[in-house]
Amino acid sequence: MTSIPLIGEAVAVAAEPRLAGAKIGVVTFPGTLDDRDAARAVRLAGGTAVSLWHADNELGDVDAVIIPGGFSYGDYLRAGAISRFAPLMSKIIDAANSEARLPVLGICNGFQILTESHLLPGSMIKNDHLKFICRDQTLRVENANTAWTVDYTDGQEIIVPLKNQDGQYIADEKTLDALEAEGRVVFRYVGFNPNGSRRDIAGISNAAGNVVGLMPHPEHAVETGFGPESLDGAPRDTDGLGFFTSVLTKIVGGDK
Amino acid sequence: MTTETTKKFNIDTVEHAAKTPDTELPWAELGLKQNEFDEIVKVLGRRPTGAELAMYSVMWSEHCSYKSSKNHLRQFGEKVTEEMKKDMLVGIGENAGVTNLGDGWAVTFKIESHNSPSFVEPYQGAATGIGGIVRDIISMGARPVAVMDPLRFGAIDHPDTARVMHGAVAGIGGYGNCLGLPNIGGEMVFDSVYQGNPLVNALAVGVMRHEDIRLANASGKGNKVVLFGARTGGDGIGGASVLASESFDDTKPSKRPAVQVGDPFAEKVLIECCLELFKGSLVEGIQDLGAAGISCATSELASNGDGGMEVELTSVLLRDPTLTPGEILMSESQERMMAVVTPENIAAFEAVMDKWAVEYSWLGEVTDTGRLIITWEGEVIVDVDPRTVAHDGPVYDRPFARPEWQDSVQANSFTGSVEDAGRPSAPTELAAAVTELVASPNMCSKAWITKQYDRYVGGNTAMAFPDDAGVVRVDEETGLGVALATDANGRYTYLEPYQGAQLALAEAYRNVATSGAVPMAVSDCLNFGSPEDPDVMWQLAEAIRGLSDACMELGIPVTGGNVSLYNQTGTTPIHPSPVVAVLGKLDDVARRTPSGWREDGQAIYLLGTTAAELDGSEWSNLRGHLGGLPPKVDLAAERALGEILINASRDGMVDAAHDLSEGGLAAALVESSLRYGVGARIALEELMERDGVDLFTALFSETQARAIVSVPRSEEVRFKDMCTARGFAHLRIGVVDAAGGKLEINGVDELSLDALREAHEATLPKYFG
């Protein structure tokens, strides 16, 4: 028989009961699409996912928050521009900036909401080719010291799906220089820049490293057989799991 | 929550209609025939009011009433065995059929056309096609989990094709991506017969627990009728605007679009909102609003229930306050649903609406009078038996006859024709022919389209384009899932409609089995020309007869579908195009079989035998020939092949499988090699000797009931024994070669995978940017 694993096989996560106590909130806005996927990723990484509703005024006792992808409010105004004003967002902004530095991950539309919230600098505009694009994208991890990347290594290349219409990251040169200098460019597109993003930037962090946003979708690369294509029999479809194990590791305070 | 009506109309009440029998009504402008209008008068015992006329005209249209096809469509319900009914939980007639998947799961799927709107306004036409079919799925109580889109456009190099292609693909993507539904496959065909009549079909599939199945009926006297979702506007009224004469003033917005405008965000919210209603068991009956809008929803809910219904039309929330009663009844504004709610559940229903910020208005209630009564500020403007509107429309036995030209078309075989001159035979010619084939408009890579669709969302997509079938996991615990494929071949069906429709079914069935799934159910979208043309009517009648016979023989029932007629420009119809969708079941999607091989040294087997069948083939199409007879249909062989593929998948005997269809073995070998960039060494001498065909025929013939598989060394004996035991032809034709980076076929010049990929992938970008 071949070495190609069956899809849906248990992913390579050690069963760690201590992780299950870590609660990660997943926010749903009207038009959010990837909330169930993000919750599944948390579960597969060993943590407990908690649904959060945009209109709520309390964050509850979550240890981290994921703002998932989608088209909140249809992206009819500007991606993320309306969601940014949700009651829950002000709680998230406060918690992210507090002493406790709540870990926050924004994926795709979530990244757009984070830039609209000014938790992260810059903005996203329409892809340079003006079309929606869905592809398996290679990324280089440029900073493996953020709350969401400690389980990767600096320079590691991973493949995760990318799917968006407004994914072109832009910022002024001064901001870009500062991001580079401070090691806040967390992910860069490798081989192919799919949307014209400045300096091939796929994801960035805030200064403290607890808030990370990126356009590609690590939550779609957490389960064998349901992620990016594994060419030549080498499974690459769980490359995104490290995001979720990273934050769990950080929450429970264990060593890497 | 009622709309304030500031406009006062000269309302044509039932009372007024009874007193003014001789009033001229614009029935002809609304598309009704004299005999149909007379029938309405007979049914009502008086002339219809303007509002009633509006309702009957849309509900008795071809689109809603299937009046030309109904007599033939019956066969789908008649040619069914008890065995076929076993897993059918809901059959034809509801919004979509429902099939039992086991473990308490049920699946519902349906394919529909949105052809004409997609030609007029490709983006919105295609977008709202997705929206409409998805609402059909929600109406059954299901969570939609995937979509597919079979597309047929005019000639690839015609200037108008780019307009339709860009718009339709962007519309499907723009709407579908925003709903969070993975697009898992479809078709793409270019042919000048579709130049003025592109076919934009859309399929949606949804899943639910058995207890969550919902039906469109209004039962229980005193239960409330509610309309929710988007507001009602003037879009999609079309020819009905003649009713503007009802109005006193002429300051109405001009030029209402006949094509509906989609709002995918509203639909996404509507999906979540409906699922929450279902979860709380807050609705008794539910119906989406599609064609014929409120006319359809009220008359169908009322006639499928056990009583009548009373509705106050001024309670409908409007986008445009100047709409007349008739226009409100006919509007096809998107993203609307109608439900029946018990008085006890009103508060809980409203809480769900408020949570999702969805607008709603209570229109009336269910009665036991057997009448559908619609009022306007209390005055009765509709008083009908809802069955007469929804179900008792006219039915026509349209004359049909085998066209005079059919014999001469069938006599004109490709082999030996002028177009067949210089048939490739030398190794260089054959290599060039293979490359030309895989770069041709119908056989080239569809990635330009599919990369504009989200295939990942939901996290349950186990297979999607370019594999033979789309596969979606249903149960995350057990891996239970479904596979879906759609197919049609307009050229085959033009040559012989009875057989052509069966070939469409056979291919979709084969595709599903190739993925490892057990075929279970069928949905069809019958795209044809005008039923008033006896030639076309014969094509339709033959296609339905062929398809229903084949379903019976394969043992899989039709659970729903749609008929799209009048697809013709002037007197020239499209090729008859019955698009057939087959749904299959996988006990564990982990066992699904992809179309490409990966492991070096695995044996490649060809299942089935090859005859000289080039009529109607892609190769003959490339040479500009269309004539002769399509490939033979052998449903027993299809069934046997299917069982082999399913068993091989279940028992881990094959790692890759790809069906042979358009483009024959040549196309399949290239596609299986390019899938993972892993080549193969192939020798066809034994096949040529066994089947008595030359190398060209072995590569390009489109004989049915064939597939190629790659078999691990350790499984070869077991696999061969299984084929032998089942008496199915199988032949080892080569071996997977991971190192070479090429496809080697004895007697054909070497084909490097890089060159093949470039040729395969360059075509769509060349024409569409």
Residue check, A:Thr249 outside any loop (DSSP other than H, G, I, E, B), open to solvent by 10 Å² or more (accessible area, probe 1.4 Å) and of a type outside the set (D, E, K, R):
yes
If we keep just the residues of segment B:178-210 that are open to solvent by less than 10 Å² (accessible area, probe 1.4 Å) and part of a helix (DSSP H, G or I), which is farthest from the other protein chains (Cβ to nearest Cβ)?
B:Tyr194
Every residue from segment A:15-28 that is more than 10 Å from chain B (Cβ to nearest Cβ) and touching a helix residue (DSSP H, G or I) at 6+ places or on another chain (Cβ under 7 Å)
A:Arg18, A:Leu19, A:Ala22, A:Ile24, A:Val26, A:Val27
Note down all Cβ pairs under 9 Å where the first residue falls in segment B:569-584 and is touching a residue at least 12 places away in the same chain (Cβ under 8 Å), the second is open to solvent by 10 Å² or more (accessible area, probe 1.4 Å) and of a type in the set (Lys, Arg), and they're at least six residues apart or on different chains.
B:His575/B:Arg491; B:Ala581/B:Lys110
Check B:Ala216 against each of (1) closer than 23 Å to B:Gln124 by Cβ; (2) at pLDDT below 95; (3) away from chain A (no Cβ under 14 Å); (4) crowded, with 22+ Cβ neighbours inside 10 Å and name the one condition it does not meet.
(1)
Out of all the residues in segment B:505-512, is one or more open to solvent by 10 Å² or more (accessible area, probe 1.4 Å) and on the phi > 0 side of the Ramachandran plot?
no
Condition test on A:Ile133, is it touching a Pro at 6+ places or on another chain (Cβ under 7 Å), at pLDDT 95 or above and either more than 17 Å from A:Ile24 (Cα to Cα) or not hydroxyl-bearing (Ser, Thr, Tyr) (or both)?
yes
Checking B:Tyr498 against (1) open to solvent by 10 Å² or more (accessible area, probe 1.4 Å); (2) in a helix (DSSP H, G or I); (3) over 20 Å from B:Val580 (Cβ atoms); (4) touching a helix residue (DSSP H, G or I) at 6+ places or on another chain (Cβ under 6 Å), the condition it does not meet:
(3)
Go through segment B:277-336 and give me each residue that's assigned to a loop (DSSP other than H, G, I, E, B), among the aliphatic types (A, V, I, L, M) and either in contact with a strand residue (DSSP E or B) (Cβ under 8 Å, 6 or more places away or on another chain) or buried (at least 24 other Cβ atoms within 10 Å of the Cβ) (or both).
B:Leu282, B:Val283, B:Leu289, B:Val316, B:Leu317, B:Leu323
State which residue pairs qualify: first residue without any contact (Cβ under 8 Å) to a residue 12 or more places away in the chain and open to solvent by less than 40 Å² (accessible area, probe 1.4 Å) and inside segment A:164-178, second residue aromatic (Phe, Trp, Tyr) and part of a helix (DSSP H, G or I) in any location, beta carbons under 6 Å apart, and separation of 6 or more residues or different chains.
none
Which residue pairs have Cβ atoms under 8 Å apart, sit 6 or more places apart or on different chains, and have a first residue in segment A:203-219 that is without any contact (Cβ under 8 Å) to a residue 60 or more places away in the chain and a second that is part of a loop (DSSP other than H, G, I, E, B)?
A:Ala207/A:Glu182; A:Ala207/A:Arg184
Sort out for me the strands (runs of 3 or more DSSP E) sitting completely within segment B:551-662 that have 1 or more residues that are closer than 30 Å to B:Arg757 by Cβ and charged (D, E, K, R).
B:656-659
Among residues belonging to segment A:201-232 that are assigned to a helix (DSSP H, G or I) and open to solvent by 10 Å² or more (accessible area, probe 1.4 Å), point out the one that is modelled with the lowest pLDDT.
A:Asp232
What do you reckon, is A:Glu229 in contact (Cβ under 8 Å) with a residue 24 or more places away in the chain and within 13 Å of chain B (Cβ to nearest Cβ)?
yes
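For every residue, the table says whether it meets (1) modelled with pLDDT of 95 or more; (2) on the phi > 0 side of the Ramachandran plot; (3) open to solvent by 10 Å² or more (accessible area, probe 1.4 Å).
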position: B:Thr435; (1), (2), (3): yes, no, yes
position: B:Pro441; (1), (2), (3): yes, no, yes
position: B:Ser445; (1), (2), (3): yes, no, yes
position: B:Tyr456; (1), (2), (3): yes, no, yes
position: B:Gly470; (1), (2), (3): yes, no, no
position: B:Val474; (1), (2), (3): yes, no, yes
position: B:Glu477; (1), (2), (3): no, no, yes
position: B:Val482; (1), (2), (3): yes, no, no
position: B:Ala485; (1), (2), (3): yes, no, no
Quick check on segment A:129-148. Is at least one of its residues part of a helix (DSSP H, G or I), closer than 30 Å to A:Gly253 by Cβ and more than 13 Å from every other protein chain (Cβ to nearest Cβ)?
no
Being β-branched (Val, Ile, Thr) and open to solvent by 10 Å² or more (accessible area, probe 1.4 Å) is the filter; apply it to segment B:602-652 and report the residue that is farthest from B:Val512 (Cα to Cα).
B:Thr609
Would you tally the residues in segment B:114-148 being farther than 20 Å from B:Phe465 by Cβ, open to solvent by 10 Å² or more (accessible area, probe 1.4 Å) and not in a helix (DSSP H, G or I)?
3
Would you kindly identify the helices (runs of 4 or more DSSP H) lying entirely within segment B:670-769 that contain at least 1 residues that are among the polar types (S, T, N, Q)?
B:695-700, B:716-725, B:753-768
Can you name the residue in segment B:337-349 that is crowded, with 17+ Cβ neighbours inside 10 Å and not β-branched (Val, Ile, Thr) and is also farthest from the chain's Cα centre (by Cα) among such residues?
B:Asn345
Do we have any residue at all in segment B:230-239 that's at pLDDT 80 or above, open to solvent by 10 Å² or more (accessible area, probe 1.4 Å), under 29 Å from A:Pro30 (Cβ atoms) and in contact with a strand residue (DSSP E or B) (Cβ under 7 Å, 6 or more places away or on another chain)?
yes
Segment B:398-430, subset among the small types (Gly, Ala, Ser) and under 27 Å from B:Leu695 (Cβ atoms), residue least open to solvent (accessible area, probe 1.4 Å)
B:Ser417
When both residues are 6+ apart or on different chains and their Cβ atoms are under 7 Å apart, which pairs have a first residue that lies in segment B:714-728 and is within 13 Å of chain A (Cβ to nearest Cβ), and a second that is surrounded by fewer than 15 Cβ atoms within 10 Å (Cβ to Cβ) and of a type outside the set (S, T, N, Q)?
B:Ser714/A:Met1
Enumeration of residues in segment B:42-79 that are open to solvent by 50 Å² or more (accessible area, probe 1.4 Å), closer than 18 Å to B:Glu112 by Cβ and part of a loop (DSSP other than H, G, I, E, B):
B:Tyr66
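The values are calculated or read from the model by the stated rules, or taken from the named source; none is laboratory data. Treat the numbers as computed from the prediction; the structure is a model and nothing was measured. For neighbour counting, all protein chains shown are included, and Cβ atoms are generated from backbone atoms with ideal geometry for every residue, glycine included. Remember, those area values only see protein heavy atoms, side chains included, never the ligands or the DNA or RNA. Shrake-Rupley method; radii C 1.70, N 1.55, O 1.52, S 1.80 Å.
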